[in-house]
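Everything below concerns the one structure shown next.
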Amino acid sequence: PSIYMVSSGGLGSPSPSHDPARTDRPTWMLIFIAHATFATFFCYETFGALGPQFLADTGLDAASVGVLYSAYSIPAFVSIFVAAVLSQILTPARFCIIATACVAIGVCIVAASPQLFTGNIFPILLAGQLFFGTGSSPLYATVCPIITGWFGDDLDSKRRLSFVFGVVHGWLRFGSFSALYILPYLGSRWGLQLPLTVSMFVGLSSMVSAVVFYFLEKRVKASEAQHVYVPLEATPGTTDENNDMGTHDHTDRHIHISTGPESLTSMNEDLHPEYNP
């Protein structure tokens, strides 16, 4: 493990909630948590995009298809409150796996219904949509704190946070857009089963992404646990030559103490010259 001493006063010093380790977390890992919510938008459009195919191939009427299209929101009244509690008990990343598993189960039930059941499959499709809604309704609310908690509170992290949220929202909206164009095309060319299968694999891929992110997050936090951040009293640095007022530059300074086998001690070159370990 390593010990970092961070200045605790002056301009540019970290706030009490500041965690210097979070500023170094890799942004690319959030690709997986973004895709974990992709199925929520893509699979939601299944019944809207494939409405004519459901009417023609399953014998359902328009009212039944409309109920199936909106049924995902029925569990939302309860599942969102349950998610708020479970995400605090299990951590958001773990609950994200549970939510995406419910989404995957729901889309698998919908995809398998026309092949495995005959007659009136409306109750089976409805059960699939209820499973889907149980996971999809709280999923986005769970992903948001994961993304915001990934970054520190310094200015550069806030800029990256804004960029990441923009990318995530764009990817989710692309899910809705692509479903409304891809699924009807597949249904008109190859029948109902192929687009339902595509929707199923999208749901499964989102669950896999949530699992991958969970293990990546554990690895990052385990690496951060090897470092200890200790407050260090801030001392004015050199005078800024471009500042006529002669104010001092209180930039963040830290000491990195390696506690490896050789017990070596190193420090930044910009630290106070009078420091002598």
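You will find that of Leu11, Leu55, Leu30, Leu60, the residue that is at pLDDT 65 or above and closer than 30 Å to Gly166 by Cβ is Leu30 and no other.
Sort through Ser188, Ser209, Ser199 and tell me the only one that's assigned to a helix (DSSP H, G or I) and surrounded by fewer than 17 Cβ atoms within 10 Å (Cβ to Cβ). Going through Ser188, Ser209, Ser199 in turn, just one is assigned to a helix (DSSP H, G or I) and surrounded by fewer than 17 Cβ atoms within 10 Å (Cβ to Cβ): Ser188. Do we have any residue at all in the range 99-113 that's open to solvent by 60 Å² or more (accessible area, probe 1.4 Å) and either in contact (Cβ under 8 Å) with a residue 40 or more places away in the chain or at positive phi (or both)? No, the range 99-113 has no match at all.
Among residues belonging to the range 134-148 that are out of contact with any Ser or Thr (no Cβ under 6 Å at 6 or more places or on another chain) and in contact (Cβ under 8 Å) with a residue 24 or more places away in the chain, point out the one that is nearest to Thr100 (Cα to Cα). That would be Gly135. Filter the range 68-98 down to residues that are open to solvent by 70 Å² or more (accessible area, probe 1.4 Å) and hydrophobic (A, V, I, L, M, F, W, C) and give me whichever is farthest from the chain's Cα centre (by Cα). Checked the range 68-98; the qualifying residue farthest from the chain's Cα centre (by Cα) is Ile74. Scanning the range 215-231 for residues that are open to solvent by less than 60 Å² (accessible area, probe 1.4 Å) and either at pLDDT below 50 or in a helix (DSSP H, G or I) (or both) returns Leu216, Glu217, Val220, Ala222, Glu224. Collect the residues in the range 164-191 that are touching a residue at least 40 places away in the same chain (Cβ under 8 Å) and closer than 15 Å to Thr27 by Cβ, keeping them in residue-number order. Result: Val164, Val167, Val168, Trp171. Determine whether the range 34-45 contains at least one residue that is small (Gly, Ala, Ser) and farther than 22 Å from Tyr214 by Cα. Within the range 34-45, not a single residue is small (Gly, Ala, Ser) and farther than 22 Å from Tyr214 by Cα.
The values are calculated or read from the model by the stated rules, or taken from the named source; none is laboratory data. These figures come from a predicted structure and were not determined experimentally. Cβ coordinates were reconstructed from backbone atoms using ideal geometry, including for glycine residues, and neighbour counts include every protein chain displayed. Remember, those area values only see protein heavy atoms, side chains included, never the ligands or the DNA or RNA. Shrake-Rupley method; radii C 1.70, N 1.55, O 1.52, S 1.80 Å.
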